[in-house]
Amino acid sequence: DQQVKQNSPSLSVQEGRISILNCDYTNSMFDYFLWYKKYPAEGPTFLISISSIKDKNEDGRFTVFLNKSAKHLSLHIVPSQPGDSAVYFCAASPTSGGGADGLTFGKGTHLIIQP
Amino acid sequence: SQTIHQWPATLVQPVGSPLSLECTVEGTSNPNLYWYRQAAGRGLQLLFYSVGIGQISSEVPQNLSASRPQDRQFILSSKKLLLSDSGFYLCAWSAIRGEKLFFGSGTQLSVL
């Protein structure tokens, strides 16, 4: 049973436009959400996170939106740059300790920025 | 600052051979340590986590095992590798349980 779902395996966006990556979760115990970026043959690097007490968090070109009622979050990248081409993983955690100690990850979305 | 080291970067092993992957963390004490695997076309799957020396929790039954002989050392092992053990193995640490993870550079394991 997949608790964190990224339904788009890949996404192609033109340079300079907005990239929107989506993520859905099923576990209502999740209250902390993160996005990671991963290049081939490298470990994932942390991008941005959001706690369930917020519905938006912004860091430079990256904004994460959380819709708790829909159990949905999204990552917006504006403007998209060639270096943003990577696999993006959505992750979630029940920080109050309702499950595994590690983060639960989605399968990832491969973002391709076209010149 | 904290750093995490993971080696080797790539490994090609025959079926039935043993495995030992090592991970060390510097610049912090009593970290929470994790082993994840990314198999082809799949997400990041949590294999093991440890909250202290000698304390290992397994998330997925398999022919792999983990050990934590020292505070900042985490080892992933197998006595006999299977073809299905191929994948990209990642070690990670966190300061607080359930929060942000910091990953190593990964080991690409190919079992042939």
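The values are calculated or read from the model by the stated rules, or taken from the named source; none is laboratory data. Keep in mind that this is a model prediction, so the values were computed, not measured. Every residue, glycine as well, gets a Cβ built from its backbone with ideal geometry; the counts of neighbours run over all protein chains shown.
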**Message:** I'd like the full set of residues that are touching a residue at least 60 places away in the same chain (Cβ under 8 Å) and touching a helix residue (DSSP H, G or I) at 6+ places or on another chain (Cβ under 9 Å), limited to region A:19-75.
**Reply:** A:SER19
**Request:** May I ask you to list the residues in region B:97-112 that are part of a loop (DSSP other than H, G, I, E, B) and facing chain A (nearest Cβ under 8 Å)?
**Result:** B:ARG97, B:GLY98, B:GLU99, B:LYS100, B:LEU101, B:GLY104, B:SER105, B:GLY106
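One line per residue, one yes/no per condition, for (1) modelled with pLDDT under 95; (2) within 10 Å of another protein chain (Cβ to nearest Cβ):
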residue	(1), (2)
B:LEU11	no, no
B:PRO18	no, no
B:CYS23	no, no
B:ALA39	yes, no
B:PHE48	yes, yes
B:GLY52	yes, no
**Request:** Please work out which one of (1) surrounded by 15 or more Cβ atoms within 10 Å (Cβ to Cβ); (2) assigned to a loop (DSSP other than H, G, I, E, B); (3) more than 14 Å from every other protein chain (Cβ to nearest Cβ) is the condition A:LEU66 fails and give its number.
**Result:** (2)
**Request:** Of all residues in region B:72-96, count the ones that are surrounded by 16 or more Cβ atoms within 10 Å (Cβ to Cβ) and assigned to a loop (DSSP other than H, G, I, E, B).
**Result:** 3
